[in-house]
Structures are given as structure tokens and as C-alpha cells.
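First up is the structure itself, then whatever we jot down about it.
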Amino acid sequence: MARTVLQQADIARALTRISHEILESNRGANDLVILGIPTRGVVLADRIGRIIAGIEQGTDPSAIVGSLDITMYRDDLARHPTRTPSPTQVPRQGIDGKTVVLVDDVLYSGRTIRAALDALNDLGRPRVVRLATLVDRGHRDLPIRADFVGKNLPTSREERINVRLTEIDGTEEVSIEEATSER
Amino acid sequence: MRHLLSTKDLGRAEAIQILDIAEDMADVQNREVKKLPTLRGKTVVNLFFEDSTRTRISFEAAAKRLSADVINFSAKGSSVSKGESLKDTAQTLAAMGADGVVIRHSASGAPQVLAQSDWIDAGVVNAGDGTHEHPTQALLDAFTMRRRLFPGDSRGRGLDGVSVVIVGDILHSRVARSNLWLLGTLGATVTFVAPATLVPVGADTWPVDLSFDLDATLALMQPDVVMMLRIQSERMNAAYFPSAREYGRQWGLDDERLARLRPDSIVMHPGPMNRGLEISAGAADSAQSTVLEQVANGVSIRMAVLYLLLSGEREALS
Amino acid sequence: MSESSYLLKGATLPNGQAADILIQDGRITSTAPGSSAPSGAVVVDAAGLVALPGLVDLHTHLREPGFEQSETVLTGTRAAAAGGFTSVFAMANTMPVSDTAGVVEQVQSLGDAAGYATVRPIGAVTVGLAGERLSEIGAMAQSRAAVRVFSDDGKCVHDSLLMRRALEYVKTFDGVIAQHAQDPRLTENAQMNEGALSSELGLKGWPAVAEESIIARDVLLAEHVGARLHICHLSTAGSVDVVRWAKARGIPVTAEATPHHLLLTEDLIRSYDARYKVNPPLRRDEDVQALRAGVADGTIDIVATDHAPHPRESKESEWDAASFGMVGLESALPVVQTALVDTGLLGWDDVARVLSTTPARIGRLNGHTHSFEEGAPANLTLVDPADRSTFTLDRLAGKSQNTPFEGVTLAGRVRWTFHHGFPTLRDGELASIEEAAAHARHLAREGVPAHG
Ligand SMILES: [Zn+2]
């Protein structure tokens, strides 16, 4: 049985708060690049970009938002069926000397972010890299932490977190599911 | 995908997936750091029983840009030419721990024999077998067409409604065969133009229009793509046509024929070219020519193929 | 070797009559139903089994001398016995080539000593199969091997003048030229039947006309010089037409088809599996149907195996590098039943004709085959026509395993084979090499003619 932990309004509030925190720590939208990690991180990055553009007048969201595919950098490729990569799109200003904020839906082991840092490293040299995540569920395998967190959700390893976003799933919620199907 | 042996058995979705991944790979080729860590720890063997430096270095670049280890096994002058069999060679490569084998062979079907055998468990990529197929060449040709004909909007689409005229030695061309199947799968219409001696027996049963007359075909089709095939001089000695001059006059893409093409149509050649025989220097170097793009795109396509074959869990034998 | 008597009870003769076949002293002494077994006779329950005269294969490659890694006269005749054959004609493409009296006598002796079947050597038409000058046809004909069939099989006698001379010359010795019809220029490096499939697979085509044009030329030559001509392994519908036309003109031509050309088509080659590589190549379904019709209407006189053993490494390779040929002795009768009998095209009397009496007549194999008359030599085979089974490699008795029928369900199975009264195959089990050799010594003592 899935249990809803964030509803549409909660998600919207969390993203608004994250956007404000990003602007605050960066002291505005200058030299800011927001890169979503496919699939749902891209949607979240888009939304954050639009919120920021609403706050900082004159900011073009498409000039600061992009996507960063990490498929080619995963360390577990051989353990899964072949994944189809998604495009990487970096805003025209590039990432050299910028503040790059990586956006993902759920932070768990940290391996995705490790791969994202490697991918970023091959694209250029940002001034700083920050991490924003809608949900931090704990259980890190690597020394990685998020700078901007929508909600900390203590979970057991047996549980599953489902993030559903309108643009992709047609509904909007975050739920926890007891993973029993594996047994 | 477990092996890539031919384009005949490639479905439309699968073909488009390869082309789309090649777009991602092409993006990587435009960055300063052109290397991806994806196939770190994997070993790709280029097993070339037939000389082809161009194809070999293209596969080598593709594998290296994905961080695979590459072993070049040229069969010329090695124990293979002294009678060591395909089986012995395959078992040697298996013992070396090859994850992928890129094979070029003068015998049609050799890649399939290797893939079907229990000599080696590696993924097999056909890099050209006899007069059978050359699937990565056809994929890079399709990729080149898609990018040229739909600039900025190439992802996710086929080649529906695109007209392609392929001219030359169809009989001996694995490139023509692979293109025939792939372009058809992607929705393009294909016309072969060749002297009757160089049209394969039974080609009238293939999904292709056949013509002996290049000028009439160009006038009638106003094609989006004209692909010229290399004509080998030994064909003349075997009486497929009387002389290079006569061939060039009838079936070569000279400056005059080039001028009669639509300005937005593209001219392709799989290389290496015989300038002045099947294609004039003017046509080869014109803005409509994609010859150099084809070379660059070859690396992207081969990266995509190696990625699909070697990155995931090995698919179980079907 | 103790002389055994056998009573095959309840067998069905090719003409459909029930028979109790009594074998004594190497001969059939009675076929009357209701015979009781003389004391000491082995009684075989032959109920449901069809009795055929011992099968005769006019086209076998025994490979000895020279290619003993593929087959020997001993192993090849064991394969023959397992397939119901009591006589095989051994093709001349050995090493050295069977183009002298010495070589053909050697092959004859090896066969005589093995005891599994009567071996009749075929002599080469030209020296070294080179197609340049006639071999010593007279010497081979007058040797102890008494060669009557001459063939360059594997190669075509393509020179028109040489073929004319060969046809004329063998008349002197009542011989026959068995032509492997293949225009060499039209089939240079050819790999499979030429058509849409060869073009798709990128395998060099082997056009039907390369076979048909040689047959057309040769039947006209045979007519012109008034000589017998035998055409090996017809494989195309056009070849059947040409032979049919020739026979209608009264030309003394005979023709054969192989079991594999009567059942298999080129589509198998999609796998590039070299087990399907054979000369002449597998053709289209239309050709298979035309060959079957040709056997049914008598245009094609006989079925012959073209048993062509090759070691594993000759087939475990890319298609172009693999050898041509398939083994066929053990599977021949089941394939014939499957393709021709169960389809209603042939009766068992026709099978006796195409697999025994006619090949014996073409090859001048005298006193070997029969119509189950009393006193006939006890060369016969018992077939279980009700058997339906998947052909497996363990049914092969020769040295090589290059069968295209592995995994194919075939009808009919050979149970017993008798060679001059000796059971070379007993309810599916081959006689031991020692027993067969003892039988051979017995035949020699009795003076049974080697060519009978
Ligand atoms: Zn032959």
C-alpha cells in the first residue's frame, strides 16, 4: 500500500522555498545554471527556473535551465538492461565559472550524483556545484549531501519512494510504498 | 541488442533508438572532453580479416571514446591467413576476455556464424561481410540524411517520404543492401540505378525501384539523396562493363548531372571515392556532398552501437 | 563363419504381397507365406516391415585412398549397411584419383575385405580429374575391378570434344559416363543457388543454367554418338525438362536425384550453416517439386545419395570456406519415404526400382539385385515404414557427421540389411567388424563374384 507524504501543494511550496534558498545563497540569478537530472529532475529544474524568473525580473528561464544526462557515467550499467540515454542540454552560457545547481527528485545512495559530478567534470569547470533534491530519503553510500532539500523522509531500505509529476505522470504526489513484491 | 549483424532484422523503433543515441554521442564529439567512461573495463576486439583502415579506425575511435580497451586483430599476415580458422581465432579472443567483437570478413555471413557459434560469448558487430551487409555504414548514412534533411529536428524521427537514389555496383555492394533494408524500414523510398550486369539476380523482388538510366531517374525522381557507390576496377576485367570511360559517361555523377540536381538534395558516397570515375571532384567537394560528415557520423553511430551492445546486462540468448 | 538360415516372417514384398522370406546359404530359397523355419534358422518377426531388394547407391564418396580422416571404405560401407544398402559405387575423386587399374583394384579389395557391402569402384574419365585427357578407361574396365561407370564427379567434363570422345570410347567396354553437370565458367566460386536469396545473403550465385546447359549439350552429344549417358544429381526443374525431352527423343540417357535435393530447399542457407552447403546447391521449392515429379514419372531413373563425408572442421567455418557435401547413406531411405512414398508419388515397388534394380542395371552390377524370385542372392533390406522419428547423429555409422537432417522428423527406418545372406544390420545394430570380415572371407571362399 502506498502512503502519500507530499501532495501537489506541498510540492509547490517546497520548490518555491528551494528557489528562494538558491537565490539567497547565490545572491541573485547571475551566473546561475540549473541542471536537471533526467527524468524527473529535468521537470523540477524547469519549474525552479520559472519560479526564479518570476522572482528575479528579467531572467529568461531557458538561459539558466538545462539537463544533464548521467547514463554514460553510471557505475551500475552492467547490472541492468541497456538504458536509453537522454539528451544533455547545457544553456548557451556554458558552465565554466558558473554556479551549477543539480536537481534530482530523490536523493538516496548518492551514486547518481557521483555520476553527475563526473559528467559535469567532462563538460567544463563550474565555480561551485550545489545539489537540490525534492526528497532526501537517507541511506547514503557516498559522502554526498544536498544543499537544498524539499523534504527529509526517513525510510527503511525496503521502502520505495514514488515521485509523480504532472508533466510526466499526469498526477502530482510523493508516496511511500512497502516493497513486498520482491519477496 | 545482443549483436548487430544486419539491418534487415532491425525494427523501426530499434533503428531510431540507435540514431537518437548517436545524436547524444555526436554532442559529446563537439565537447572538449570527447571521452565517456561508459565502457570502462570492457574489451572490444577489431577482428579484420579484410583490410579497411577507414572502418577500423572509426570503430577504434568509437570504442576508445567510450573508454573501452581496444585490441586490433588484423588477420592479414597473421596465423589466420596461414589457415587458422575463424573458430580458432574466436576461441582465442574468448580466452582473452573480449566483450565485443567487431568483425570484417570477405565471406558473407561470417559475423552471423560467429554470433551463432558457441566459440565465443561476445557481442558481435558486423563491420562488413562479403557482399552481404555493412549495417553501421547504412546507419551512419541514415543518420547523415536525417541531420541534413531535418536540421535541428532530427531526433525521434524516421526518413518517411525521403527519396534516395543509389547508383553503381549494386551487385557487389553490401552498403547498398544494408541501406535498402534500413531506409525502407525508416520510410524512405529507394531506387537502384546500375547497368544490368551489376543488378543482383532477383532484385526485382526487393522493395526497391530498379533503373538502368541515371539521367531519366534523376529527372523523374528529383531525389532528396543521391548515393554513389565505389566502382572497383577489377569489375571491368570481369566484363561487367566495357570501360571506365563508358561507365562514367552512363552512371557517373559528373558536374553536369550535379548541376541538374535540386539545390537542396545531398550527395553521398561511402568512400573511398574514385574521383573522375563514379563521382567528379566537383560533386565530391560540393556543398551538397556529405562525404566528410559521413566519416564523422560514423564514429557517433559506432559509439551508439557499441554502447547498446556492451553497456547493459548481457541479454540472454533468445 | 557359421552359415545361418533366416526366416523373415510376415514381411511385405515391394509389390504388396505378404511373404515369409527364407534365406539359406546366401540365397532366397522361398517367399511363400506359411513357411516353417528349418531347424537352426533364425526367425525374424518381420510383421509390418517392408522387404526391399538390397539398395544400390550409384553415387558414394568413400574417400579412400587419400581422405581417410573423412571416411574409409570400411566406415563408408558400415554407413551403407546402416542405411539398407548392399552395394555402393565409389566415386573416383580419391587421392590418388581412381584413374588407373591399380587404384580401382585397391578400392575393390578394401571393399571385398570389409564385408559390409559390395563395393564397385568408379573410374575417372580424365587423368587426375583434370578434364584434359582420357584416363586409362580400358585398363580399368578390364581390371579385376571391372569398372563400368566412369565419372569425374566433383568436376564436370566441360570440354565438348573430350566429352564426345569419352562417350564414344566407353561404348567399347559397355561403360557409361556419369556426368557432374556444372559449367565451370558460370559457377566460378559459386556458393548457392542463384536467385533473390543468394543476392540477399551476398553469396555468389550458382545459376540453374550452368547445370541445364551442360545436360542439354551432353544429351545431344549422346544422341549424336549413340552412347549411354548418365546425369548425376539433377537439381533444377529445367534439368528435369531437358532430360524429359531427351528421353522423348529416344536418347539413351539416365538421370539421378539425391535425397537431399528431394526434400531440402535453399531457405535453410539463411542460417549460413555450412551443413547445407552442397554441390549442386539446394534449390527452390519449385525445383524440389519438379524433381519429385520427375522421379514419379520416370524421367529421373534413380535416387543416389552423393554421400560426401567431411570432417567437422570442414563445416565449422564461414560459408565460403566450408566444403561442399553431405553424408546421406543412413538417411536416404527415410528421406525417400518422406518425400516420395508418403506423398503418394511412389509405391514400394517404385522404391525398389529407383534405389536398387535400376541403379544396378545402369552400373552393370550383375546378379546382385532381384525381385525376390527363388534363388536370388539374399541381398535385401527390411524397413519399418511406420516409424516416425527425429533423425539424430547417433544414427550415423560412418566417420563423418555432416548430415543436414539432424533434428528433422523422417518417416521409415531400416531394421535389417542382408548382404549375401549375412545380416550386416540386425534390428538396427550393425554387425561387428570381425563378423563382417569373416563374412567377406566366406564369400571369397565361395567365389561369389566381387561385382555381383
Ligand atoms: Zn557431383
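The values are calculated or read from the model by the stated rules, or taken from the named source; none is laboratory data. As the structure is a prediction and not an experimental result, all values here were calculated from the model. Neighbour counts are summed over all protein chains in view; Cβ atoms, including those assigned to glycine, are modelled from backbone coordinates with ideal geometry. Just so you know, the surface numbers come from the protein's heavy atoms only, side chains and all, with ligands and any DNA or RNA stripped out. Shrake-Rupley method; radii C 1.70, N 1.55, O 1.52, S 1.80 Å.
Some points to look at:
- Remark: relative contact order (the stretch C:176-300) = 26 percent; criterion is Cα-Cα distance under 8 angstrom and separation of 6 or more residues.
- Over the C-alpha atoms of the stretch B:135-290, the Rg to Rh ratio, Rh being the Kirkwood estimate, stands at 0.94.
- Computing Rg and the Kirkwood Rh from the Cα coordinates of the stretch C:71-225 gives a ratio, Rg/Rh, of 1.03.
- Among beta bridges identified by DSSP and lying wholly in chain C, the antiparallel ones come to about 50 percent.
- In this rough spin-label picture, where each label sits 7 Å from Cα along the Cβ direction, the C:L220-C:K171 distance is 1.9 nm.
- Computed with a 1.4 angstrom probe on protein heavy atoms, the B-A interface buries about 1400 square angstrom of accessible area in total.
- For peptide C:271-283, the mean count of partner chain Cβ atoms within 10 Å of a residue's Cβ comes to 2.
- Relative to the longest principal axis of the Cα atoms of chain B, the long axis of helix B:86-95 makes an angle of roughly 50 degrees.
- For chain B, relative contact order (Cα pairs under 8 Å, six or more residues apart, normalised by length) works out to 21 percent.
- Interface size, chains B and C: roughly 1500 Å² of accessible area buried, both sides included, 1.4 Å probe, rounded to the nearest 100.
- Three semi-axes describe the equivalent ellipsoid of the stretch C:7-74; taken as square roots of 5 times the Cα gyration tensor eigenvalues and ordered largest first, they are 34, 15, 10 Å.
- Helix-derived mean residue ellipticity, 222 nm - over the protein assembly as shown, DSSP H n ≥ 4, -39500 (n - 2.57), to 500: -9500 deg cm²/dmol
- For the residues B:R104, B:R2, a 1.4 Å probe over the protein chains yields an accessible-area ranking, largest first, of B:R2, B:R104.
- The alpha carbon gyration tensor of the stretch B:223-318 gives principal lengths a ≥ b ≥ c with a/c of 1.5 or higher and a/b no greater than b/c, which makes the shape oblate.
- Compactness of the stretch A:35-183, taken as the C-alpha radius of gyration over 2.2 N^0.38 Å, stands at 1.07.
- Dipole check for the stretch C:98-177: with +1 at the C-beta of Lys and Arg, -1 at the C-beta of Asp and Glu, and the Cα centre as origin, the magnitude is about 140 Debye.
- Sorted from longest to shortest, the spans of the Cα atoms of chain B along the three principal axes equal 55, 46, 35 Å.
- Separation of the stretch B:1-74 and the stretch B:252-292, taken as the distance between their Cα centroids, equals 27 angstrom.
- Approximate spin-label separation A:T4-B:Q29, in nm, with each point projected 7 Å along Cα-to-Cβ: 4.9 nm
- Expressed as a whole percent, the accessible area of chain C that falls on carbon and sulfur atoms is 49 (1.4 Å probe).
- Per-selection metrics, the stretch B:86-163 (Cα): Rg and Dmax in Å: 16.6, 48
- Simple Cβ-charge dipole of the stretch B:135-290, Lys/Arg +1 and Asp/Glu -1, about Cα centre, in debye nearest 20: 400 debye
- Positive-end residue of B:S289, B:S311, B:N179, charge dipole of chain B with Cβ unit charges: B:S311
- Cα-based equivalent ellipsoid of the stretch C:52-362: semi-axis lengths in Å, sorted from largest, via gyration tensor: 26, 22, 21
- Cβ-placed point charges (K, R +1; D, E -1), dipole of chain B about Cα centre in debye, nearest 20: 580 debye
- Summary value for the stretch C:52-362: 17 percent relative contact order, contacts being C-alpha pairs under 8 angstrom separated by 6+ residues.
- B:A238/B:F212 FRET efficiency (R0 22 Å; Cβ-Cβ; nearest 0.05): 0.75
- Test item: B:14-23 mean partner chain Cβ contacts at 10 Å: 1
- Modelled spin-label separation between A:H139 and B:D160, with each label point placed 7 Å from Cα along the Cα-to-Cβ direction: 4.3 nm.
- A 1.4 Å probe run over the protein chains yields, for the protein assembly as shown, 38 Å² of accessible area per residue, whole-number rounding.
- Taking every residue in A:70-83 and counting other chain Cβ atoms within 10 Å of its Cβ, the average works out to 5.
- Here the 3J(HN,Hα) profile of the stretch C:179-184, calculated from phi with Karplus coefficients 6.51, -1.76 and 1.60 at θ = phi - 60°, is 8, 8, 7, 7, 5, x Hz, Gly and Pro shown as x.
- The calculated P(r) of the stretch B:1-106, using every Cα pair and 5 Å bins from 0, goes 2, 10, 18, 20, 21, 15, 8, 4, 1, 0 in percent.
- Amide H within-cut-off set for A:G36, under 5 Å, with H built and near neighbours excluded: A:G66, A:S67, A:L68, A:V103
- Percent of C-alpha pairs per 20 Å bin, the protein assembly as shown, short to long: 13, 32, 27, 18, 9, 1
- When the listed pairs B:K8/B:K64; A:K98/B:K34; C:K204/C:K315; C:K9/C:K399; A:K98/B:K64; C:K171/C:K247 are checked against a 23 Å cut-off, the alpha-carbon distance exceeds it for B:K8/B:K64; C:K9/C:K399; A:K98/B:K64.
- Pairwise Cα inverse-distance average, inverted: Kirkwood Rh of the stretch C:375-438 (Å): 13.2 Å
- In the protein assembly as shown, a dipole from Cβ-located charges (positive for Lys and Arg, negative for Asp and Glu) runs towards its positive end, and of B:T55, A:G97, B:A194 it is A:G97 whose Cα lies farthest in that direction.
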